[in-house]
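Participant: Can you read through this structure? Questions will come right after.
The values are calculated or read from the model by the stated rules, or taken from the named source; none is laboratory data. Not measured: the values here are computed from a predicted model. Positions of Cβ are backbone-derived with ideal geometry, glycine not excepted, and every protein chain shown enters the neighbour counts.
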Amino acid sequence: MSNYVWYASYGSNLLEERFLCYIQGGKPAGAIKTYKGCVDKSLPTASEGLEIPYSLYFAKHAGIWNGGGVAFIHHETTTRERTLARMYRITKAQFYDVVMQENRLPDRPPIELDQVKHLGSVALQNAGWYDLLLYLGEEMDEPIFTFTAKESFRPFVAPHESYLGTIIRGIRQTHGLTDDAMVDYLAQKEGIRNAIAPDALQQLICTP
């Protein structure tokens, strides 16, 4: 395996400046936590938009995002729905550091990415909410990984506008959706549907 992997995000890390807080350290706009960053603070060498065949939902209450729900994907593939994501080309060591920060682990997780690639998914032990690593395929002969929860969390919880706004800006930055297409994409997601009024969602999307 190359020393590089692609990390795919479908949540707030869609927005590049937010993701770079995991790489270089810092406090994301709208959040209340400062991240220490990776040991290697080199910028990603590339980033690309992609769509993944997993359903997006929002759950839990994230203190760093004002108590609102955060994004997860169900870990069963589906042909009915695609989730918009963004992948960053980073080193394997940086990916381990991102996983460590996301799960509030004291050390890098003792996992082998070759095993994740071979098995398709590997669960972390004694980790936080994002405790299932998923292999999504290849880009330029380098593996693409993401993470989600190994259990499907219930109940669904609406995201705070600071978090959802970060995702909206990230989708616009990565995929260039129009406002109407953004509404169509988000309105029926579990955690948003029946929780955020259509006009409130429209207003958030249309806010620069």
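Participant: Just checking, does segment 130-139 include any residue being touching a residue at least 40 places away in the same chain (Cβ under 8 Å), touching a His at 6+ places or on another chain (Cβ under 9 Å) and either farther than 22 Å from H61 by Cβ or among the aliphatic types (A, V, I, L, M) (or both)?
Facilitator: Within segment 130-139, one or more residues are touching a residue at least 40 places away in the same chain (Cβ under 8 Å), touching a His at 6+ places or on another chain (Cβ under 9 Å) and either farther than 22 Å from H61 by Cβ or among the aliphatic types (A, V, I, L, M) (or both).
Participant: Of everything in segment 17-59, what is among the charged types (D, E, K, R), in contact with a Ser or Thr (Cβ under 6 Å, 6 or more places away or on another chain) and within 19 Å of F147 (Cα to Cα)? Give them in sequence order.
Facilitator: Across segment 17-59, the qualifying residue is only R18.
Participant: Starting from residues that are without any contact (Cβ under 8 Å) to a residue 40 or more places away in the chain and among the aliphatic types (A, V, I, L, M), keep the ones in segment 34-75 and report whichever is nearest to N103 (Cα to Cα).
Facilitator: Here the answer is I64.
Participant: Just to verify a result, which residue in segment 1-30, among those that are in a loop (DSSP other than H, G, I, E, B) and within 15 Å of the chain's Cα centre (by Cα), is nearest to T83 (Cα to Cα)?
Facilitator: Restricting to residues being in a loop (DSSP other than H, G, I, E, B) and within 15 Å of the chain's Cα centre (by Cα), the top hit is Y10.
Participant: Being surrounded by 16 or more Cβ atoms within 10 Å (Cβ to Cβ) and among the small types (G, A, S) is true for just one of G191, G176, G137. Which residue is that?
Facilitator: The conditions single out G191.
Participant: Is at least one residue of segment 52-72 exposed (fewer than 14 other Cβ atoms within 10 Å of the Cβ) and among the β-branched types (V, I, T)?
Facilitator: For segment 52-72, residues exposed (fewer than 14 other Cβ atoms within 10 Å of the Cβ) and among the β-branched types (V, I, T): absent.
Participant: Every residue in segment 151-208 that is assigned to a loop (DSSP other than H, G, I, E, B), polar (S, T, N, Q) and under 30 Å from Q125 (Cβ atoms), please.
Facilitator: In the first step, residues of segment 151-208 are kept if they are assigned to a loop (DSSP other than H, G, I, E, B); the result is 151-155, 157-160, 176-178, 187-189, 191-197, 207-208.
Right, trim to polar (S, T, N, Q) and you get 152, 178, 188, 194, 207.
Of everything in segment 151-208, just one residue is assigned to a loop (DSSP other than H, G, I, E, B), polar (S, T, N, Q) and under 30 Å from Q125 (Cβ atoms), namely S152.
Participant: Now a separate question. Provide a single number: the residues in segment 1-28 that are within 17 Å of Q101 (Cα to Cα), among the hydrophobic types (A, V, I, L, M, F, W, C) and surrounded by fewer than 21 Cβ atoms within 10 Å (Cβ to Cβ).
Facilitator: 1
Participant: Moving on. Name, by its number, the condition in (1) touching a residue at least 12 places away in the same chain (Cβ under 8 Å); (2) among the hydrophobic types (A, V, I, L, M, F, W, C); (3) buried (at least 17 other Cβ atoms within 10 Å of the Cβ); (4) out of contact with any Lys or Arg (no Cβ under 9 Å at 6 or more places or on another chain) that does not hold for V122.
Facilitator: (1)
Participant: Another question, then. When you scan segment 93-102, do you find a residue that is assigned to a loop (DSSP other than H, G, I, E, B) and out of contact with any Gly (no Cβ under 8 Å at 6 or more places or on another chain), even just one? Steps first, please.
Facilitator: Going residue by residue through segment 93-102, those that are assigned to a loop (DSSP other than H, G, I, E, B) are none.
Within segment 93-102 (the criterion being assigned to a loop (DSSP other than H, G, I, E, B) and out of contact with any Gly (no Cβ under 8 Å at 6 or more places or on another chain)), the answer is no, since none of the residues qualifies.
Participant: Which one is nearest to Q94 (Cα to Cα), of the residues in segment 19-58 that are of a type in the set (G, A, S) and modelled with pLDDT under 95? I'd like the intermediate steps shown before the answer.
Facilitator: Of all residues in segment 19-58, those of a type in the set (G, A, S) come to 25-26, 29-31, 37, 42, 46-47, 49, 55.
Going one step further and asking which of them are modelled with pLDDT under 95, we end up with 25-26, 29-31, 37.
Values: G25: 12, G26: 16, A29: 22, G30: 24, A31: 22, G37: 9 Å.
Looking at residues that are of a type in the set (G, A, S) and modelled with pLDDT under 95, I get G37.
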